[in-house]
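Please treat every number below as a calculation from the coordinates, not as lab data. Keep in mind that this is a model prediction, so the values were computed, not measured. Reconstructed Cβ throughout: ideal geometry from the backbone, glycine too, with neighbour counts over all protein chains shown.
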Amino acid sequence: MDDLLEEFDPIDDHANDLLQQPDTTDDHISNLLEQFGAADDLDASDLLDIDDSDLQPMGAAATASGDAIAVGPRPRRFANYEKCLTLLVTDGLYTSDQLHAPPNTAGARQQKIVRVYSQSALRELVLLLRDQWYSTPIAIGNYVNLVGELPGISERGEVVVDSQAADLLLILQPDVLVTCTHLSESSSCLRRAVLKGWVKEIPDKSQPNTVMLLGHLLHELFQSCALQNKWDDATMNASIRSLIKDNIASLWECQIDETTMHQQIAECVPIYQEWARTYMHHSAELGSTYSTHRGGPAASDSDSRVAVSKIFDMEENIWSPKYGLKGKVDLTILAQYSSHGALVQPFELKTGRQTQNTAHRAQLVLYTLLLSDKYDVDINSGLLYYPRSGEVVRVPRIDDELRALVAMRNEMVPYLTQSITPSRRPPAMLGQEFMCSRCQIQPSCFIKHRAIEGGSLA
């Protein structure tokens with residue numbers, strides 16, 4: 001056992017001295033923060049008593065209309081979390097029956113051994129990062145949030161963090177708030193997601209995007225009518241005129257007149273009205289069918305019905321330092337299910353033609369975390385609505401997808417925290433002609449590739 005301990009004991013004398021200090025007082029935490037480059041003006045007692053209510057109201061939350069979301073007890077999953085300071089990071093091996101395997105052990109797999117100090121529980125832990133968590137780019141001095149229930153702590157304070165720990169998420173540098181929309185697109189191209197966090201694209205004035213403007217106005221029309229629950233012709237036409245008036249400069253930029261844009265928006269009026277007649281009810285029995293992401297009830301299943309009985313908020317902007325995420329939810333709704341009862345959920349409207357976009361699903365899964373954190377209830381699914389196809393999709397929060405998204409967020413964080421210099425490098429270029437030729441941030445990507453990475457003009 002002593003030999004195994006020596007394999008991951010600190011090899012740096014300075015770090016070893018820190019780990020051997022038994023004191024866990026405020027002075028000890030202050031010393032650790034100073035050694036690892038924390039800000040001088042932070043007081044250790046402040047860091048030990050972080051109150052999330054100062055950042056985001058919990059419990060019953062007031063909305064723009066003055067209503068409040070009725071909340072129940074704290075959710076079982078991901079209710080608690082510990083904020084930890086990373087003290088040491090080493091690599092190691094393990095097998096199915098050994099937490100720590102010697103070098104050259106047959107069948108051994110890699111793991112990352114991370115010693116952390118929990119500022120909330122005032123204890124030291126050794127995290128054994130395996131599976132998708134092994135690639136977490138964690139370094140000494142980084143903060144991590146351990147969100148959820150620890151699967152089990154050994155006598156030596158070791159915690160295995162792997163794909164079997166379904167109720168535990170590891171959030172690297174949670175104070176870096178990653179945009180949910182950017183993160184949801186990272187599965188297809190991490191470089192694009194990072195560059196979107198670095199730069200704000202300046203559209204080409206010679207090629208204004210009429211489709212994007214139309215999608216924006218259709219979003220605004222749906223949200224306005226849904227919040228009022230008024231879908232009659234007079235109300236919707238008045239809303240269209242108001243939207244066109246407010247966006248007249250964008251219409252001129254796209255070289256499209258008000259009458260033409262009014263006609264294009266009006267084409268969706270009967271579609272929205274039909275959706276409202278079908279789904280905007282107080283009873284699931286009066287609602288209609290839905291499909292489910294990755295299997296589940298089919299759209300033709302008469303027992304799978306849902307109705308939207310209430311709209312709590314629109315374009316809700318949520319920041320969560322617990323999960324290191326931020327986002328703006330189209331609608332926060334109360335959905336009545338024939339099989340699941342009443343659930344608070346995020347609702348996203350997608351006006352494009354693509355209904356099998358994995359980024360849409362990923363975005364909604366991340367929104368369930370934001371709403372769960374804000375309203376202190378267990379929100380584990382959301383609804384997508386595609387007006388062009390009329391499809392309503394329920395997207396549950398599936399464990400393996402959620403872990404993959406959080407792991408991808410952790411990979412993005414070091415790129416987002418780099419010093420802003422012309423030489424900072426984004427992730428590697430995807431290099432797929434089909435996707436790269438259609439990428440929205442192609443100019444920034446190609447300029448970086450040419451100027452910093454020595455790419456060619458071809």
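Things to note:
- When peptides 324-334, 262-272, 213-223, 365-375 are ranked by their average number of other Cβ atoms within 10 Å per residue, the highest-first order is 365-375, 324-334, 213-223, 262-272.
- Modelled FRET efficiency - R0 25 Å, Ile140 with Arg424, Cβ distances, 0.05 increments: 0.75
- Cβ-derived FRET efficiency at R0 45 Å, Glu258 paired with Asp400, nearest 0.05: 0.40
- Label point distance in nm, Arg109-Asp167, each placed 7 Å from Cα along Cα→Cβ: 2.2 nm
- As a calculated quantity, the FRET efficiency between Ala266 and Asp246 at R0 = 22 Å, using C-beta atoms, amounts to about 0.85.
- For segment 370-458, the C-alpha radius of gyration sits at 1.55 times the compact-globule guess of 2.2 N^0.38 Å, with N the residue count.
- When peptides 390-396, 424-430 are ranked by their average number of other Cβ atoms within 10 Å per residue, the highest-first order is 390-396, 424-430.
- With one equal scatterer per alpha carbon and no solvent term, the Debye-computed log10 I(q)/I(0) for segment 111-191 at 0.16, 0.18, 0.20, 0.25 1/Å reads -0.66, -0.83, -1.00, -1.41.
- From phi via Karplus (6.51, -1.76, 1.60), per-residue ³J(HN,Hα) for segment 269-278 in Hz, x at Gly/Pro: 4, x, 5, 5, 5, 5, 4, 5, 4, 7
- Positive-end ranking of Pro346, Asn357, Tyr367 along the dipole of segment 336-402, with charges on Cβ about the Cα centre, is headed by Asn357.
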